[in-house]
1. Would you say B:L23 is open to solvent by less than 70 Å² (accessible area, probe 1.4 Å), more than 14 Å from chain C (Cβ to nearest Cβ) and in contact (Cβ under 8 Å) with a residue 24 or more places away in the chain?
2. Being farther than 24 Å from B:A180 by Cβ, small (G, A, S) and away from chain C (no Cβ under 14 Å): is that true of B:S75 here?
3. What residue, of A:A276, A:A270, A:A264, is away from chain B (no Cβ under 14 Å) and either buried (at least 20 other Cβ atoms within 10 Å of the Cβ) or charged (D, E, K, R) (or both)?
4. Taking C:L214, is it under 18 Å from C:W168 (Cα atoms) and within 14 Å of chain A (Cβ to nearest Cβ)?
5. Looking at the stretch B:189-210, which of the residues that are assigned to a strand (DSSP E or B) and touching an Asp or Glu at 6+ places or on another chain (Cβ under 8 Å) is surrounded by the fewest Cβ atoms within 10 Å (Cβ to Cβ)?
6. So which residues in the stretch B:236-249 are touching a Pro at 6+ places or on another chain (Cβ under 8 Å) and crowded, with 22+ Cβ neighbours inside 10 Å?
7. Can you tell which of A:R345, A:R285, A:R312 is open to solvent by 60 Å² or more (accessible area, probe 1.4 Å), closer than 24 Å to A:L228 by Cβ, at pLDDT 85 or above and within 26 Å of the chain's Cα centre (by Cα)?
Amino acid sequence: MASITLDGLAHAYRPDPRGPQDYALKEINHVWRQGGAYALLGPSGCGKTTLLNIISGLVVPTRGKILFDDRDVTHLPTEARNIAQVFQFPVVYDTMTVRENLAFPLKNRRMPREEIARRVEEIASRLDMSAVLDRKAANLTADAKQKISLGRGLVREDVAAILFDEPLTVIDPHLKWQLRSTLKELHRTLDLTMIYVTHDQTEALTFADTVVVMHDGGVVQTGTPEELFERPAHTFVGHFIGSPGMNVLPARVEGRRALIGDVAIELARAYPALPAGETIELGVRPEFATLAPAGTGVPVAVKRIDDIGRARIARVEIAGQPAAAMVPEGLALNGDEAGLRLDPRQIHIYAGGVLVPGEATNREGAS
Amino acid sequence: MTLELVNVSRTVNAASHLRDISLRLENGSLNVLLGATLAGKTSLMRLMAGLDAPTTGRVLVDGRDVTGLSVKKRSVAMVYQQFINYPALTVYENIASPLRLQRLPRAEIEARVNEAARLLKLTPYLERTPLALSGGQQQRTAIARALVKRADLVLLDEPLANLDYKLREELREELPRIFASTGAVFVYATTEPTEALLLGGNTASLMEGRLTQFGPTAQVYRHPADLATAQVFSDPPLNALRVVKSGGTVLLESGAVVPATGALATVPDGTYTVGVRAHHLEVETVARAERDHRPGIIRLGARVAVTEVTGSESFLHMDMGTADTGSADAGHRLTALLPGVHRLEPGAPVEVLIDPRHILLFDAAGNNTGTALGAAA
Amino acid sequence: MDKPLNNRAWWLVAPVFLIVAFSAIVPIMTVVNYSVQDTFGNNQFFWNGLGWFQELLDPSTELGGRFFDALWRNLMFSAIILAIEVPLGILVALSMPREGWKVAATLVVMALPLLIPWNVVGTIWQVFARADIGLAGWGLNALGIPYNFTGDPLAAWITIVVMDVWHWTSLVALLCYAGLKSIPDAYYQAARIDGASRWAIFTTIQLPKMNRVLLIAVLLRFMDSFMIYTEPFVLTGGGPGNATTFLSIDLVKLALGQFDLGKAAAMSLVYNLIVLAVCWVFYTVMTHAGSERPQREIAG
């Protein structure tokens, strides 16, 4: 049982880092609560794997400390930390049966034989693997192998946290769903801290209670899936989360109106103190932008409509700027002209990429 | 060109990789091969390319039999899941390499490479080597090299599988337009139903080496010919319930009995499979008093197993029937995709609503009874 | 099954068939011909049926005794060098550096003995081990250890074994190194997380992942050592006495020294069959080990 504290952690792969550009991981302070389900989300090269390796003990950070509860483990090797890890490509011991694989970590820790047998049986039934316990692990499918990797972590009673490094990469879409809900159910019943690293937003959002979004070596936002979806703190988060991502349009703000080119959009808040010299952008998610017949809402030109099966997504242009919007069922369009209905409460203003809170007053603010 | 496969099958060491597949791909078309790993997508592509010969059946190009003609004599280009480029050559030289082999004049090569680079947004990187590029740019280079040949047949084997989610999204959006501007026969293998839908064109759904359906993508998605196709072409997985219809009632495996409505009302008595996609399920907490009075709505009792929230939508996994069947048994597990955020406690009782208009009904042999045609939107 | 797409391919392999026919089949048939005849020189041959074979396989005859003595020496030699070279090669491979400039340096040093012609290896060791002027021989005697490989059978054996180990261990090591390099890092990380000891990592990850290359190494080293000729011929000439007279050396003595073509032919055929049988066993084991592997580990 442990919470994991990252205290002023930073890492550079070169020995003599001079400026922030040399850091693969910029300073991060974070506490992973005991029993939480976390995701580290970001594109390749954002530093998430470096952070994972620091937690698992494969990399010693250049600066800062990592604490398990109050114990400083910064310089402890992997085997001395109470963690388990599931890797991108399934790792099983080929010559062993599933049973021997699951028993391996306990055998190494010299647990009594009956105790091992009991733990293995218990975990196997949790993972729905009781039927294949005596099969050779090498001959199983990729998803079964991933379950074995996970099981080798679960059998240990001392495990405080399980780290997942893009564990569903080689799993077929249909089986991904099963494995994901198995993970969720295990997390709920076992009170383990789980940290899940991925570039796939769906995996991150569906798995985690708290998602840490990383970009360019730093954390850009930490929050629940709803927070990340409804109030992205940075245009990167808006773009990276959501499919399609948030529409980010260059804008001018005048009082409670935003101007995109010469198209005016009503805002729910005022932004009196926008920093001068920064790029001002308006962000609105496609989910809060609905296509309507021409003449209603903001005028747009429809370029294309994509049918993704359960919904239709329109690719439109607002004053020449590309954006995506939802097409409601039964909407008939004449030509490529249409209107766009926006939910003013879901429109955000960004200065230099960073969310500006705005003031929910009635005052007509002068900019 | 048109590429036609006539009753081809392929057996390797007594294992059947492809079973009696007939398929006709028209000039300028984009064709998606959709199926799980080992469903036969790669085997089929190798056969189309001429890398393998079919065990039985024929391969025709423009009506001419080319079965057994080697890949070198065919006009084929391939893109693989791994980013395959010449690491020592610049992006320009990588794209130019197939043209140099054809000994085209210098000016022609330059024009074609620049055109392909523009199409794939590689112009700023032409003088770099592939390893100095991002994964997305590396795969763009490989695709440009395949296009620049102007081959009659371009095969792409899960080309986006190794890319980051967002890069995949970006490239997936561009690909149909890139393909449309060239006019070859494109074949694109993927495991992901969403990818097939976004690419459009035609879809061939494959399961265990069999071609279960081939047709325009939207049509295959909305009117799957059989249960296998519907399962291959559903993400989240298709909710499939085995039912027995007798007279005016329908008995479910879970023991529940519901009135035979919609498509179920008109089919003869017998065993059927009811298929409903996740976004067509509606869920009500039992406590909610107001009742939906749409005609013929089917209501089923279930318990919440897992909730997954994406921020804008929720995936609700539920187990049907009594508490003792509450395992991960696939037949009793339902998945609903609900708009908005719904955090329901595991074990909470819910009612699942199925609008009969959205039912895909398959007979005992797995064939679509066809009554759902035009209904499931 | 793959059907040949084009019959022209057969014409391309025809030259290989011709070369094999002339280099292998014709000489073998000549040997078979000799093995069933007796000769007193002068190109006069007499039919002897399976006589030579009967004599050869009967240890109580002069020829049979000689054959079995040499065969045991061969098997003993192969067993000893395999027992030393395989574990030693694995050990060397495990301690080789994984990255940096040391990799290239180590590989070059390891490859050196493999690049020296076999007769030169024999000569080097012949000089090196001489009790009068050789560094090793003189040194050992100076330390008070009596050592003379030309007079003492045990010393001769030790010298030949040490020479072979020096010559060939790097081959085993290089093969194992290649096997080790192909193991993804994740396996080692997983093992550390599972608390595996160094020994457990070796037996559960490294050895299973190396078993294919190890089989190839054992096969190569067995065949080579079982047919060893040049080095002991240069070093000891088969002596002292017959202490290091291996089958190949005996065969040459029989054929070229005594000109007993019939006996030599029969002996070489049996020798050949033994090598083939062992190779076949290895091949079966290897292909069997291969079939247990999953068809595809990674979705593609």
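The values are calculated or read from the model by the stated rules, or taken from the named source; none is laboratory data. None of the values given here were measured: they were computed from a predicted structure. Virtual Cβ from ideal backbone geometry, glycine too; neighbours counted across all protein chains shown. To get the accessible areas, we keep the full protein, side chains included, count just its heavy atoms, and leave off ligands, DNA and RNA. Shrake-Rupley method; radii C 1.70, N 1.55, O 1.52, S 1.80 Å.
1. On the way: open to solvent by less than 70 Å² (accessible area, probe 1.4 Å): yes; more than 14 Å from chain C (Cβ to nearest Cβ): yes; in contact (Cβ under 8 Å) with a residue 24 or more places away in the chain: yes.
It is true that B:L23 is open to solvent by less than 70 Å² (accessible area, probe 1.4 Å), more than 14 Å from chain C (Cβ to nearest Cβ) and in contact (Cβ under 8 Å) with a residue 24 or more places away in the chain.
2. Working: farther than 24 Å from B:A180 by Cβ: no; small (G, A, S): yes; away from chain C (no Cβ under 14 Å): yes.
It is false that B:S75 is farther than 24 Å from B:A180 by Cβ, small (G, A, S) and away from chain C (no Cβ under 14 Å).
3. Values: A:A276 fails: either buried (at least 20 other Cβ atoms within 10 Å of the Cβ) or charged (D, E, K, R) (or both); A:A264 fails: either buried (at least 20 other Cβ atoms within 10 Å of the Cβ) or charged (D, E, K, R) (or both).
One residue alone meets the criteria, A:A270.
4. Numbers: under 18 Å from C:W168 (Cα atoms): yes; within 14 Å of chain A (Cβ to nearest Cβ): yes.
Yes.
5. B:R210
6. none
7. Working: A:R285 fails: open to solvent by 60 Å² or more (accessible area, probe 1.4 Å); A:R312 fails: closer than 24 Å to A:L228 by Cβ.
Within the list A:R345, A:R285, A:R312, the selection yields A:R345.
One line per residue, one yes/no per condition, for (1) of a type outside the set (F, W, Y); (2) surrounded by fewer than 16 Cβ atoms within 10 Å (Cβ to Cβ); (3) in a helix (DSSP H, G or I):
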position	(1), (2), (3)
A:L67	yes, no, no
A:Q88	yes, no, no
A:E100	yes, no, yes
A:I116	yes, no, yes
A:S125	yes, yes, yes
A:L150	yes, no, yes
